[in-house]
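Trainee: Let me begin by handing over the structure; questions about it come next.
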Amino acid sequence: MPTRRLTGSRIREKRLDQGLRQAAVAEAVGISPSYLNLIEHNRRRIAGKLLGDLARVLGVDAALLTAGADNDLLDQMRDAAALLGDVAEVARVEELAARYPGWSRLIAVQARRLEILEGRVQSLTDRMAHDPQLAASLHDVISSVTAIRSTASILVGQEPLDADWQRRFHENIHKDSLRLAASSEALIAYLDAPGPDNDRPTTPLEEVETYLAKTGFHIAALETADPDRAAVVAQADLSGAAARHLLDAICTLYVRDAYALPLADFDLACRDLGYDPVALAQRFGAGFGSVLRRLSFLPPGAGHPPMGLAVCDASGTLRYLKSVPGFTMPRAGGACPLWPIFGAFSRPAQPLRAEVALPGPVQTRFLCYAIAEPHQGPSFDSAPVLQSTMLVLPDPAEGALPPTQVGMSCRICARQDCAARREPAMIGVMAMRD
């Protein structure tokens with residue numbers, strides 16, 4: 001409903017707020033109560049002198065009766081309405097905001113809160129799947145319980161035991177009980193740890209990504225004529241050999257890409273060609289995957305748009321992930337198979353381009369480029385080991401075709417009719433109801 005036709009709703013709201021009768025207001029401005037009733041229900045347009053007279057009687061500025069609700073609030077309410085799909089009366093959102101601004105702000109706040117909670121569920125789901133400390137604590141608990149159960153089954157068995165064996169089994173149960181108590185306390189303390197402690201890297205991949213984030217995903221030391229990978233890895237101060245191995249593999253690719261695509265020339269070409277990976281690959285005679293990686297490692301603060309990157313092997317396991325606002329992927333697997341990074345495996349060496357949209361209050365869109373290429377050199381006696389690379393650009397211009405509907409993980413995706421769904425969602429129940 002257009003804004004100008006909601007003036008009547010605001011007039012009615014102001015009159016009721018002041019406890020004025022419809023007949024009294026109509027008499028004060030010189031119209032019939034029935035005509036004022038039509039105005040208040042947006043069945044008659046109003047402007048000019050009559051609008052000014054009504055504003056005077058109600059003691060408000062005429063502009064307040066015609067300005068409408070704040071556009072940001074309306075956008076937030078429309079995003080909130082997307083949770084219910086066609087059930088919500090989106091066409092009447094401005095009328096709701098005009099008549100009940102307090103409740104409208106509450107709806108918007110709750111929608112934002114829900115979006116934050118969905119993000120936390122996604123993070124916790126990922127953490128539960130691969131956190132090594134959590135897995136070790138659970139293993140200790142299960143081992144202790146299993147040991148106590150085994151010992152107890154012997155004590156209550158049919159065969160009699162002499163006093164010495166009974167004493168030994170009782171001691172074992174006591175020791176295992178103490179170990180179970182300690183493991184349980186450690187697990188509870190870990191799960192109840194403050195937020196900042198829980199945000200620390202828990203896997204080698206997360207540790208490497210944390211280091212790269214500190215560099216702005218641009219390793220200046222590897223842009224020189226004589227790059228020293230070993231020095232970069234040593235200065236990263238990573239905690240384990242696995243993290244150092246991962247970073248060294250990334251640095252190896254980084255040096256190779258930087259040699260094929262020198263930063264100064266590549267920076268200018270990106271701006272000139274509008275960051276088109278195919279055009280850049282043709283200009284430099286470089287591989288498509290190299291261009292995608294190079295784009296994601298452009299220096300921050302140089303005016304380049306934000307770009308995310310994901311690299312995985314043929315099993316779907318992530319080897320590298322650079323997130324951007326709105327985009328991330330489960331590091332422990334179980335990601336939505338509809339992302340182009342996985343579809344690229346069915347078309348090796350063929351560049352893919354697809355616009356995708358995520359579910360949720362805001363249909364976040366991304367433009368994705370992907371390609372699956374051999375990870376190692378050619379060989380006559382073995383099949384190629386493929387690695388898929390996907391570049392992600394947020395908020396692209398709308399294309400001619402509707403975007404592909406993807407998700408992050410089935411556990412947190414509310415799309416009920418998805419043919420690729422593997423398991424029910426833990427959240428988004430309201431969105432899946434009729």
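The values are calculated or read from the model by the stated rules, or taken from the named source; none is laboratory data. Treat the numbers as computed from the prediction; the structure is a model and nothing was measured. Quick reminder, even Gly has a Cβ in these numbers, built from the backbone with ideal geometry, and neighbours come from all protein chains shown.
Trainee: Output the residue which, of all residues in region 336-361 that are at pLDDT 85 or above and small (Gly, Ala, Ser), is farthest from residue 211 (Cα to Cα).
Mentor: Selected residue: 346.
Trainee: Right, here's the next one. Within region 182-208, take every residue that is among the aliphatic types (A, V, I, L, M) and either over 26 Å from residue 139 (Cβ atoms) or part of a helix (DSSP H, G or I) (or both) and give me the one that is modelled with the lowest pLDDT.
Mentor: 191
Trainee: Which of the numbered conditions does residue 258 fail, given that it passes all the others? Conditions: (1) at pLDDT below 95; (2) buried (at least 16 other Cβ atoms within 10 Å of the Cβ); (3) out of contact with any Asp or Glu (no Cβ under 7 Å at 6 or more places or on another chain).
Mentor: That leaves (3) as the condition not met.
Trainee: It is to be established whether one or more residues within region 108-124 are within 19 Å of residue 9 (Cβ to Cβ), part of a helix (DSSP H, G or I) and at pLDDT below 70.
Mentor: no
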